[in-house]
Amino acid sequence: TTATGITAAGQNNRNNTFLIDGLSIDDNRNSNIRGTLSLDAVSEFMVLSNSYSAEYGQASGAVINLLTRSGTNQYHGRAFYYHRDDWWDATPGAALLVSPQETKSQLEQQVAGGVVGGPVRRDRIFFFGSTEQTNRDTEQFVTSTVLQVFRPGAAKRLPVTSRSTLAFGRGDINAGASQITVRYRLDRIRETNQTSDSQSVGLIAPERHADVTRFNQDAAVLYNRVVG
């Protein structure tokens, strides 16, 4: 999700903060988040809407904290694959706005990934990793009513692609009352011909599209000690 997609406590949706294992992933330039991680890497999540304790700041809306998974004393793993194509899809409304009218657009999407975890030394040292790759190839119809006037014969279909890679790795050392965690997160996206004009009939033209590249990564070392 994005920071602009959640509202809480009667606040503007720019007033939220997002955390992973208690560490901020906020992008303060545009009130968004600096990437995410695969759902298979999430152990649990916590949502706070008011009465924050002193450990939370920078937010008057919601505080969303994701806790990542760790390895256990048993080796475990899981893999998945999801495929979607345009065989089941109907003709979009935008195809009817093109003159002459077009047939349905191409759409093909694959999502593949998996997780693996286990012990390096039982009861003491553990590892966990996850990865997820999403490839999406589709088209957008050029519905500008004046494009053919200035550029006769311009393409009526514009290819739109997206390549997203998520990777996460974590190691834990359990030393009795103390625990040390080292983790790394990667979120990389490459997109072509992206536009926010999908709902703006008559504005969709190649000149209003742009390519987007986003590369987010972070590493963290966490130390917890229970004093009792």
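Just one of (1) open to solvent by 70 Å² or more (accessible area, probe 1.4 Å); (2) in contact with a Gly (Cβ under 7 Å, 6 or more places away or on another chain); (3) not in a loop (DSSP other than H, G, I, E, B) fails for residue 190. It is (2). In this structure, residue 11 qualifies as surrounded by 13 or more Cβ atoms within 10 Å (Cβ to Cβ) and part of a loop (DSSP other than H, G, I, E, B). When residues in segment 138-164 are screened for being in a strand (DSSP E or B) and either open to solvent by 60 Å² or more (accessible area, probe 1.4 Å) or out of contact with any Ser or Thr (no Cβ under 8 Å at 6 or more places or on another chain) (or both), 4 of them pass.
May I ask you to list the residues in segment 103-125 that are under 20 Å from residue 68 (Cα atoms), among the hydrophobic types (A, V, I, L, M, F, W, C) and surrounded by 13 or more Cβ atoms within 10 Å (Cβ to Cβ)? Correct list: 112, 115, 116, 125. Selection of segment 49-102 for residues being aliphatic (A, V, I, L, M), open to solvent by 50 Å² or more (accessible area, probe 1.4 Å) and assigned to a helix (DSSP H, G or I) yields 96, 97. The residues in segment 165-187 that are open to solvent by 30 Å² or more (accessible area, probe 1.4 Å) and of a type in the set (Lys, Arg) can be counted, and the count is 1. Pairs linking a residue in segment 1-22 that is under 30 Å from residue 181 (Cβ atoms) and modelled with pLDDT of 80 or more to a residue that is open to solvent by less than 20 Å² (accessible area, probe 1.4 Å) and assigned to a helix (DSSP H, G or I), with Cβ atoms under 9 Å and 6 or more positions apart or on different chains, are 15/3; 16/3; 17/3; 18/3.
When every residue of segment 126-137 is checked against the conditions, none turns out to be open to solvent by 40 Å² or more (accessible area, probe 1.4 Å) and at pLDDT below 85.
Only a single item in (1) of a type in the set (A, V, I, L, M, F, W, C); (2) modelled with pLDDT under 85; (3) within 19 Å of the chain's Cα centre (by Cα) is not met by residue 154, and it is number (3).
Residue count for segment 66-79 under the criterion of being without any contact (Cβ under 8 Å) to a residue 40 or more places away in the chain and under 30 Å from residue 160 (Cβ atoms): the result is 1.
Being under 18 Å from the mean Cα position of the chain (by Cα) and of a type in the set (A, V, I, L, M) is a property that residue 48 lacks. Is there any pair linking a residue in segment 98-125 that is modelled with pLDDT under 95 to one that is of a type in the set (A, V, I, L, M), with Cβ under 6 Å and at least six apart or on different chains, and which? That search, which allows pairs on different chains as well, returns 102/95.
The values are calculated or read from the model by the stated rules, or taken from the named source; none is laboratory data. As the structure is a prediction and not an experimental result, all values here were calculated from the model. Note that each Cβ is placed from the backbone with ideal geometry, even for glycine, and that neighbours are counted across all protein chains shown. Only protein heavy atoms, including side chains, enter the accessible area calculation; ligands, DNA and RNA are left aside. Shrake-Rupley method; radii C 1.70, N 1.55, O 1.52, S 1.80 Å.
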